């Protein structure tokens, strides 16, 4: 199994883009039905790869913090 989340995102996005293009032109090839049939497994593989091998590069939350925005400072939210 490939352990690169970026690879999984690119491959599955490309496959689903091809599926959307084929569907928009009303093409009824066996490949369209195959992509439709395996799409839940592809999305499961994508989720597993991201959760298992993805690396979070943001700032960690402090004690007693439940959530936060990374694009704003805590002082600018006017809630704390």
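Where a number appears in this text, it was derived from the coordinates with a stated rule and is not lab data. Since we're looking at a predicted model, the values are computed, not measured. Don't worry about glycine lacking a Cβ; one is built from the backbone with ideal geometry, like all the others, and counts go over all protein chains shown.
With a Förster radius of 22 Å applied to the C-beta separation of residue 48 and residue 19, the computed FRET efficiency comes to 0.60. Under 18 Å from a label point set 7 Å out along the Cα-to-Cβ vector of residue 76, the amide N atoms of the stretch 38-59 belong to 58-59.
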